[in-house]
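The values are calculated or read from the model by the stated rules, or taken from the named source; none is laboratory data. Quantities reported herein were computed from a predicted structural model and do not represent experimental measurements. Cβ placement follows ideal geometry from the backbone for every residue including glycine, while neighbour counts extend to all protein chains displayed.
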Amino acid sequence: MATPAAASSPANRLTEIRRTRQSGFDTVLLMRRPLFPLIVPQDLKRRILKDGLRENEQRDAAFRRIIRSVPRGKVSTYGKVAAVAGYPLYQRAVARLLRRDAHQTLPWQRIVGAGGEIKLKGEAAAEQRLRLSMEGVKFRGKRVDMENYEHTLRSWETLG
């Protein structure tokens with residue numbers, strides 16, 4: 001058994017650090033690191049925002065198809081709709097489409113923000129909450145209970 005003085009020596013502290021790094025948690029983190037550094041252009045977000053504002057009928061048709069696939073009593077998020085449609089990071093384009101085409105037959109009330117938050121303000125938020133409640137969706141405070149009511153989107157089910 002080592003003495004307390006020996007346990008706190010710099011050499012023993014280094015050994016303790018090595019043992020900690022060899023634990024399962026640190027090993028998982030090291031294994032999840034990419035093999036090569038991911039290089040992302042600095043202006044990617046700005047380019048996506050600008051592109052989301054441009055008219056793109058093919059993209060909007062993909063968003064509409066995904067939104068229509070969300071069944072009654074279930075919800076999805078803007079980001080997941082965009083990702084499944086093949087346009088990850090275009091959640092603002094989904095919101096813009098719903099704002100622009102709300103008068104059409106899209107079930108706009110079934111698309112909420114991340115974590116189940118209703119992103120609309122004022123009367124529109126109250127209407128969305130009422131419509132979801134009428135479909136049987138339950139809330140936890142101001143948010144949709146995503147554990148029970150989130151629809152799992154599958155891109156292969158919405159083709160055609």
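Descriptive notes on the structure:
- Residues in the range 68-107 that are part of a loop (DSSP other than H, G, I, E, B) and of a type in the set (S, T, N, Q) were compared, and the one that is nearest to Asp145 (Cα to Cα) is Ser69.
Residue-by-condition table, conditions (1) without any contact (Cβ under 8 Å) to a residue 24 or more places away in the chain; (2) under 18 Å from the mean Cα position of the chain (by Cα):
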position: Arg59; (1), (2): no, no
position: Ser69; (1), (2): no, yes
position: Val75; (1), (2): no, yes
position: Gly86; (1), (2): no, yes
position: Val94; (1), (2): no, yes
position: Glu117; (1), (2): no, yes
position: Glu123; (1), (2): yes, no
position: Leu130; (1), (2): yes, no
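- A single member of Arg92, Arg110 is surrounded by 12 or more Cβ atoms within 10 Å (Cβ to Cβ), closer than 15 Å to Arg54 by Cα and assigned by TED's automatic domain parsing to the domain that holds Leu153, and it is Arg92.
- Answer residue from the range 108-133, given it is among the small types (Gly, Ala, Ser) and part of a helix (DSSP H, G or I) and is farthest from Val94 (Cα to Cα) among those: Ser133
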